[in-house]
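Scroll down for the structure; my scribbles are underneath it.
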Amino acid sequence: MPVFLLKSLLSVILFVLALFAMFTMFEVFGRNEKKYNIERLKKIHRANGIVYFLFFILTAYFCLNFILNTKAELSPRASFHAVFALSVVILLALKVAFVRFYKQFYNQVKIIGLLIGLITFALIGTSGGYYLLVTELGTDQRVMKALSSKKQENPAKNESKIEVRTDAASIAKGKELYESKCYFCHDAYSTKKEVGPGHKGILKNPLLPVSEKPATPENIANQLRNPYKDMPSFSYLSDEEVQDIIAFLNTL
């Protein structure tokens, strides 16, 4: 299972837990005539909060692991996602502090709980919700391409032509780099889409799968440094590392 699909499924559980937490809070504090046993609801609310926190930590682990392994620069959407996640952590810490230690602020707990729920919805929408939407609920079908025509661009005139390496050492280094930077989103050995398109035969096809630029080493190098659409930038890679990745792609 692709890590992004797994993370998105975890986020769906977070959504349900946040929704249930808001429901129990409204039932405890929002009704004059109580429909349920309040003490039982409070215990359920606390247990739900613990489960929410555990799933939040697990989901955050996959996010941080991806960033640390790929060293990818965050897109604007991912940056908003990170801000929402940090806000949830801060608000959770405040809520626990107000409930357990600073009880004079207990009346603020209801507002904090509401904010945690709403920010959780925004958090999920910018990550798991987005992924499930663009992949048609994780079925990994191709996203509909824009109807507007795209011009096939040639490499910049001042960009030197890249000679594809064929030695075993470069291919091995390229494979290692690919597995640490690219496999989270791409399948090297098929054309099946995961988060991004599969790369089998990428240099044997006339066009690159998403940008529809000519499938040349120069355009692949440019894609790594100046990515198209939602792909993160790998501009920190050295020229040697880029050439090694291209050497590996050439074997697919």
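Shape descriptor for the range 3-134: Rg over Rh equals 1.02 (Cα atoms; Rh from the Kirkwood inverse mean 1/r). Across the chain, C-alpha contacts under 8 Å between residues 6 or more apart give a mean separation that, scaled by the residue count, equals a relative contact order of 21 percent.
The stretch between F20 and N69 holds 14.2 nm of extra length on full extension. This uses 0.36 nm per residue minus the Cα-Cα distance.
Once the Cα atoms are used to define both axes, helix 239-249 deviates from the longest principal axis of the chain by about 90 degrees. If you wrap the chain in the convex hull of its Cα atoms and look at it from every side, the mean projected area works out to 17.3 nm².
Taking only Cα atoms, what is the 0 to 90° angle, nearest 10, from helix 168-181's long axis to the longest principal axis of the chain? The two axes meet at around 20 degrees. Proximity of backbone amide H atoms, modeled 1.01 Å from N, is registered between L207 and A215 at under 5 Å, excluding neighbours fewer than 5 places apart on the same chain.
Seen against the Cα atoms of the chain and their longest principal axis, helix 3-29 is set at about 20 degrees.
Rounded to the nearest whole angstrom, the semi-axes of the ellipsoid equivalent to the range 198-252, taken from the Cα gyration tensor as √(5λ), stand at 16, 14, 9, largest first. Taking each DSSP H run with n ≥ 4 as -39500 (n - 2.57) and averaging over every residue of the chain yields -19000 deg cm²/dmol at 222 nm. With R₀ set to 30 Å, the beta-carbon distance separating A93 from K229 gives a calculated FRET efficiency near 0.25. Taking a 26 Å limit on the Cα-Cα distance, which of the listed pairs K181/K213; K161/K192; K7/K43 fall beyond it? Violating the 26 Å limit, Cα to Cα: K161/K192; K7/K43. Of the chymotrypsin sites (Phe, Trp or Tyr not before Pro) found in the range 16-93, those that fall in a DSSP loop while having at most 13 other beta-carbon atoms within 10 Å are Y36. Full extension of the chain segment joining N37 with Y102 gains 20.8 nm, where the gain is 0.36 nm per residue of separation less the Cα-Cα distance.
All of the numbers you see were taken from the coordinates with simple rules; none came from a lab. A quick note: this is a predicted structure, and the numbers were derived from the prediction, not measured. Counting neighbours? That spans all protein chains shown, and the Cβs are built from the backbone with ideal geometry, glycine included.
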